[in-house]
2 protein chains.
Amino acid sequence: MNLSELLHKRRSTRHYDANTAIERDELTRLLNAACRAPSGNNAQPWRFLIITEAPLREKLLPVAYNQQQILTASAIVLLLADRRAYQRDNLARIHQEGFENGCFSAEVRDFLTEAAVGFYASLDNAETDKALMLDCGLWAMSFMLAAEDAGWNTVPMSGYQPAALRELLALPPHYLDVMLIAIGKGSKEGHRSLRRPAESLVGWNALPTPD
Amino acid sequence: MNLSELLHKRRSTRHYDANTAIERDELTRLLNAACRAPSGNNAQPWRFLIITEAPLREKLLPVAYNQQQILTASAIVLLLADRRAYQRDNLARIHQEGFENGCFSAEVRDFLTEAAVGFYASLDNAETDKALMLDCGLWAMSFMLAAEDAGWNTVPMSGYQPAALRELLALPPHYLDVMLIAIGKGSKEGHRSLRRPAESLVGWNALPTPD
């Protein structure tokens with residue numbers, strides 16, 4: 001399917017066929033497709049905790065306000081952001097690998113690495129979290145489109161209790177919880193939803209005009 | 001082009017043909033395609049300030065660390081997030097419009113509106129900004145893919161001085177600056193960049209294993 005069709009066809013799906021499983025290879029393939037997303041300084045801070053087992057779903061259910069897709073979707077992807085991805089170790093390794101694979105010269109490697117380290121070092125904790133959310137948003141959209149393209153349905157879920165989620169999964173402080181994404185085969189189509197036209201949201205060489 | 005090709009073909013492009021303009025209608029079409037992205041509670045907090053005029057580009061150049069695409073790309077999209085989008089007025093209007101267009105019943109309208117208002121009211125300022133960054137990340141990825149699909153190149157840019165940008169454009173406090181995206185026709189291909197395989201980033205019913 002082409003992108004325009006994908007963007008228009010995708011709907012948030014909350015009712016799933018509980019008998020449909022997703023193979024680990026298939027889910028890994030979709031995760032990898034989404035990992036082609038860009039990220040600031042190519043830091044790739046996205047990490048994933050995949051939930052398929054029934055006992056863990058049962059514990060997650062009340063944390064996610066009893067939304068039934070926790071039980072019925074083929075898998076729940078907890079998208080995490082790793083704050084360590086913005087540290088020198090990770091940034092230097094990524095650019096070294098790019099250099100070793102012929103993506104760019106040693107000079108570019110060094111420039112990119114130092115620019116990345118300097119950029120993140122200049123951010124306070126709140127700014128770091130904002131950068132992580134943006135990077136992971138790029139990943140999440142790629143993932144939902146890759147899933148749709150492969151015949152799966154998804155729903156992005158911010159509706160959960162963060163503290164309870166962190167406790168349930170014993171998330172260490174270096175992981176930021178970004179969102180849950182349920183993936184499966186819809187048993188009932190999601191409702192349509194409208195979007196405001198870009199013309200009402202844009203300003204040309206000036207701020208958008210308030211409504 | 002199909003999605004898989006788009007994801008693999010897209011590269012961050014920093015060298016543009018300065019003689020290529022983008023028609024306002026074409027850019028509006030791409031903005032609208034991206035506006036099909038989902039957002040938390042369908043709040044659609046994305047807003048856009050499009051920069052094409054030379055005097056404004058000249059002023060933006062030093063704010064963006066003299067990155068030459070500010071001058072040579074066909075347009076610069078400043079992606080803004082409107083904190084007012086998370087307020088009752090906007091949320092109620094969006095769900096009322098969905099109801100009036102037959103997307104869902106009055107009961108669902110009321111449920112969705114109250115759930116949305118309650119969700120955002122529960123967030124502090126830092127959590128609100130994180131939600132805005134995530135929503136706008138979903139939009140930004142859709143935009144870059146829509147642009148690529150239409151034969152344009154892009155580069156997402158977090159590298160700018162936020163305070164100087166806000167002053168230059170007189171951004172009011174209800175706008176969060178999310179990122180710049182340059183769009184145009186590449187005059188030189190962006191360098192390849194690698195991605196870490198999902199297998200090294202994923203945990204199955206458990207946290208990902210540290211490297």
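Values quoted throughout were computed directly from the atomic coordinates according to the rules given, and no laboratory measurement underlies them. Treat the numbers as computed from the prediction; the structure is a model and nothing was measured. Here the Cβ positions follow ideal geometry from the backbone for every residue, glycine too, while neighbour counts run over all protein chains shown.
Under a 10 Å cutoff between Cα atoms, tell me which one of B:Leu78, B:Leu171, B:Leu60 has the largest fluctuation in the Gaussian network model of chain B.
Highest fluctuation of the listed residues: B:Leu171.
I'd like the Karplus ³J(HN,Hα) series for segment B:175-187: coefficients 6.51, -1.76, 1.60, θ = phi - 60°, whole numbers in Hz, and an x wherever there's a Gly or Pro.
Calculated HN-Hα couplings, in order: 9, 9, 7, 9, 5, 9, 10, 8, 9, x, 9, x, 9 Hz.
Quick one: go through segment B:170-188 and flag any residue whose amide nitrogen is under 19 Å from the point 7 Å out along the Cα-to-Cβ line of A:Glu127.
Within reach of a label on A:Glu127, which here means backbone N under 19 Å from a point 7 Å along Cα→Cβ, segment B:170-188 contributes B:170-181.
Would you mind computing, in nm to one decimal, how far apart the modelled labels at B:Gln161 and A:Tyr65 are, each placed 7 Å from Cα along Cα→Cβ?
Here the modelled spin labels are 4.2 nm apart.
From the helices alone, meaning DSSP H stretches of at least four residues, give me the mean residue ellipticity at 222 nm for the protein assembly as shown, per-run term -39500 (n - 2.57), in deg cm²/dmol to the nearest 500.
Helix contribution divided over all residues of the protein assembly as shown: -13500 deg cm²/dmol.
Compute the relative contact order of chain A as a whole-number percentage, counting only Cα pairs closer than 8 Å that sit 6 or more residues apart in sequence.
This gives 35 percent for chain A.
Under the definition of partner shielding as Cβ atoms of other protein chains within 10 Å of a residue Cβ, what is the mean value for peptide A:119-129?
Other-chain Cβ atoms within 10 Å of each residue's Cβ, averaged: 1.
How far, in whole Å, is the closest Cβ of chain A from the axis that maps A onto B, and which residue does it belong to?
A:Gly137, 1
Which of A:Leu49, A:Leu71 has the fewest other C-beta atoms within 10 Å, and how do the rest follow up to the most?
A:Leu71, A:Leu49
If each of A:Glu107 and B:Arg88 carries a label point 7 Å out from its Cα toward its Cβ, how far apart are those two points in nm?
6.1
Per-residue Cβ counts within 10 Å, from other chains only, averaged over A:181-188: what number is that?
Partner Cβ neighbours, averaged per residue: 0.
List the lysines whose Cα lies under 28 Å from the Cα of A:Lys59, skipping any in the same chain that are fewer than 8 positions away.
Cross-link targets: A:Lys185, A:Lys188, B:Lys130.
Cut-off is 10 Å between beta-carbons; in what order do A:Asp124, B:Asp129 appear when sorted fewest neighbours first?
Ascending number of Cβ neighbours within 10 Å: A:Asp124, B:Asp129.
Springs between alpha-carbon pairs under 10 angstrom, Gaussian network model over chain B: which of B:Ala115, B:Ala64, B:Ala73 fluctuates most?
B:Ala115
Roughly how many nanometres apart are two label points built 7 Å out from the Cα toward the Cβ at A:Leu194 and B:Glu26?
3.1
List the distances, in nm to one decimal, from the label point of B:Ser187 to the label points of the same position in every other copy, shortest first, placing each label point 7 Å from Cα along the Cα-to-Cβ direction.
5.9
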